[in-house]
Each structure stands twice: as structure tokens, then as C-alpha cells.
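Where a number appears in this text, it was derived from the coordinates with a stated rule and is not lab data. Owing to the predicted nature of the structure, the values given are computational and were not obtained by experimental measurement. Methodologically, a virtual Cβ is constructed for each residue, glycine included, from the backbone with ideal geometry; neighbour enumeration extends over all protein chains shown.
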Amino acid sequence: MEKIITIKYGELSTKKDNRNFFIKILNNNIAKVLGDKALVTYDFGRMFIKVNDNYFDEVINKLQKVFGIHEIVVAYKLSNKDLDSIKNNLLELLNDKEFKTFKVEVKRSDKNYPLNSVELSKELGSFILKSIPNLKVDVHNPEMLINVEVRLNEILIYFNGLKGLGGYPVSSLGKGILMLSGGIDSPVAGYLAIKRGMKLEAIYFESPPHTSEAALDKVKKLAQKLAVYNNDIKLHIINFTEIQEAIYKNIPKEYLITIMRRMMYRISAIVASRINAKVIVNGESIGQVASQTLTSMSVINEVVSIPVIRPVACFDKLEIIDIAKKIDTFETSILPYEDCCTIFVPEHPVINPDKTKAREYEKLINFEEMIYKAVKERKVITISQNDELEYQDLL
């Protein structure tokens, strides 16, 4: 009996002619994450990972953070497909497990095997009942689900599996740029975008001396949390001070946030075009703040032609917080360091801005030249999930 890890594809199995494309990317992503700790092979229906027992738990932990995996199971491979061999090995595996109810599920891809799925399931179920006292069959809610797969060259036996993250493999559906602030919402939006197969780079707007080095450090830490799922992440750091001060000095107070967000969108779109990102991703949630009413979103969105994806747009704050805690970004996000979106906030920002007014107010500042300078002088760093961030050395 050989102990291996088996990956089930789930949603990827629905891709028909494109399935192999997604599976190849998943294979590459897993190989990159696991490095030399495992040997990964795959076929159309399953992926198999051979790993030294010393690394088993570590490998499973890493696999639970890889998008595109439906289920992770520890399986036992038998090269002898004889019925007695299956029974004896199954009994050996069950002897150290505690359960009172069970169910046997058989899948038979080898159609030449002498027993069909129903017949083999009955044979094994009857054998278990005779061999282990005080057990009962429960086909609806068993404590122990016993899976047996009859494949062309081997038998696979496995039990209750571990749920994977699902979604699509990272990079399978192209690149996006995430507007990453230090708040709760944008890292969650990034996580959800990665889940749908995007490879993300991130953009952060700093405004020294109005925003602190601690605020930048916080964003780097959030980027590192996302790198766990994104493999690594490039962070584009934009110096927004000149633009933000010009807005503050020249624009009516109630329109400060509207004009500021329009500038951020313009810059994000330019950077996106330079890195071949197809969409902008952000953490806007409908109605949460003044700039996130439907009217505000429309006025702000008009300055770019690139699609803007808002994964948490219809989530309430508690739902977003739940995901932030799950992905371990919440405690970092609530650290009390202000970013560009929280400084210079007017007492009464406009919640239904007028597009014509926004365009007229923007004529009061020479924003095109400042935007060009901000993009040209941006700093770019690559953050890995394994980096020990020494912030003073990164910039």
C-alpha cells in the first residue's frame, strides 16, 4: 500500500474542452508552492502528490491555501486489484479508526473490472460489518465515508477528505490590479478576486508626511497575507502627496473625496495598462461611505474605460469582517494608521456628486502632469508569502 495525497478538481471538472488548460495551471501552481518537498503528477480526473511522511502535514497545510482545489484526501494506492487484497488492506486501514456508522462509495473507471460499483460496494460493506463488531450502515449521514476507486492500473482507498478553497487556479483568467488600502475591505476583495483565477498586483497611495511609514508597513503586511494565495504579489507604491495637497487647496471641501478617487482611478488605470492588467479591483461596498453610493461610483468610474471589479460590493460589513478573519487580515487592517482615504476627510462629503461639477472642479488643478509624475516615479516591490519584511530595506 502506498500513501499519497489526491486532489479532486471540483469546478474545474465542468470546463470540458478547457479542462486541461486549468489543470495544467493548477499543477504548476502546486509545484511552485511545494517546491522539492513533493512530486506532483496528474491525469484528467485526479492529481496525485507523493510526499515524504516528514512533510505530510506541511504539504496538506499549503494545499489548503491553493485555489482550484475542491477536496484534498489522503489516499492509499493498491497495485493488486484482487477483491481479497482490497478487503484485507481496507480492514487494516480501518482498525485504527473509531466510528459507529459508515458508508461505502465505489467509483469504477475500469469498466472491465469483474464487479460493478454497486456489487463491489455491497461486498465491501458486508465484509466490514462481519469483520468489525457494533457497526451500522448509514447511507445519509455516516461518521465514516469509505471511498474506493477502481482505476485502470490501481485501486484507491480514502476516507473523509479536507475541503479545498475551490475557485480557479491563480493566473488562469488573467491579471488584475488591486487598489490596496490599509482598511478591512480591499484585502478581502483581493482574496475573492484571486479565488476567481486572477493573478493580482497591488497599488497603494501614500501621502507623506500626512501618512506614516507605519501605514505603509501595514499595507506591506496585508500584501504578504494575500501573497499566500497569489504566490507572490507586486506592490506599486504611488506618492500621492502633491496631488492630494492640490485637491485640498483648490477643490470645494464636499468634493474632496470624489476628486481624490477620480485621480486614484486614473493612476490605477495607467499602471494597469503598463502591467497588462485587464481590470481594476477594489474594496468598494455599496453605501458604506460617501464615495460608495451608486451615484458616487458612477461619477468616479467615468474617468476610466478599464473594467472595475468590486467583489464585496453587495456584502455588508459583518460579512466582510468574517472573511477578513478567515484569511488573517483583520487584525492587521484595524491597526490605527491612517491612509490617503482617511486624511483630509470633510465633515460633509457629497453623497450624490454631479459629473459636470466634478469635471469643472478638476480644471482648477494641473492633474495630468502630476499624474504622469506619480506614475513615472512609483516604487515597485515584490512581496512573497515567506518574506521576513524588513521595511527599511524594501524601498
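Points worth noting:
- Of the GluC sites (Glu not before Pro) in segment 256-354, the ones in a loop by DSSP (not H, G, I, E or B) with at most 13 other beta carbons within 10 Å are E302, E347.
- The chain - share of DSSP beta bridges that are antiparallel (%, nearest 5): 55
- Placing a label point 7 Å from the Cα of E242 along the Cα-to-Cβ line, the residues of segment 351-386 whose backbone N sits under 18 Å from it are 363-380.
- Average projection, convex hull of the Cα set of the chain: 22.8 square nanometres.
- Count of Lys pairs (Cα-Cα under 13 Å; at least 8 positions apart or interchain) in segment 135-262: 7
- Those aspartates and glutamates that a straight Cα-Cα span of less than 19 Å connects to K363, excepting residues fewer than 8 apart in one chain: E242, E245, E254, E302, D354
- Legend: residue pairs K97/K122; K3/K100; K37/K103; K16/K107, Cα-Cα distance threshold 23 Å; pairs beyond threshold, K3/K100; K37/K103.
- Counting only Cβ charges, +1 for Lys and Arg and -1 for Asp and Glu, the dipole size of segment 82-143 around its Cα centre is about 220 debye.
- For the pair K37 and K317, label points projected 7 Å from Cα toward Cβ lie 3.8 nm apart.
- Dipole magnitude (debye, nearest 20) for segment 2-163, charges at Cβ of Lys, Arg, Asp, Glu: 500
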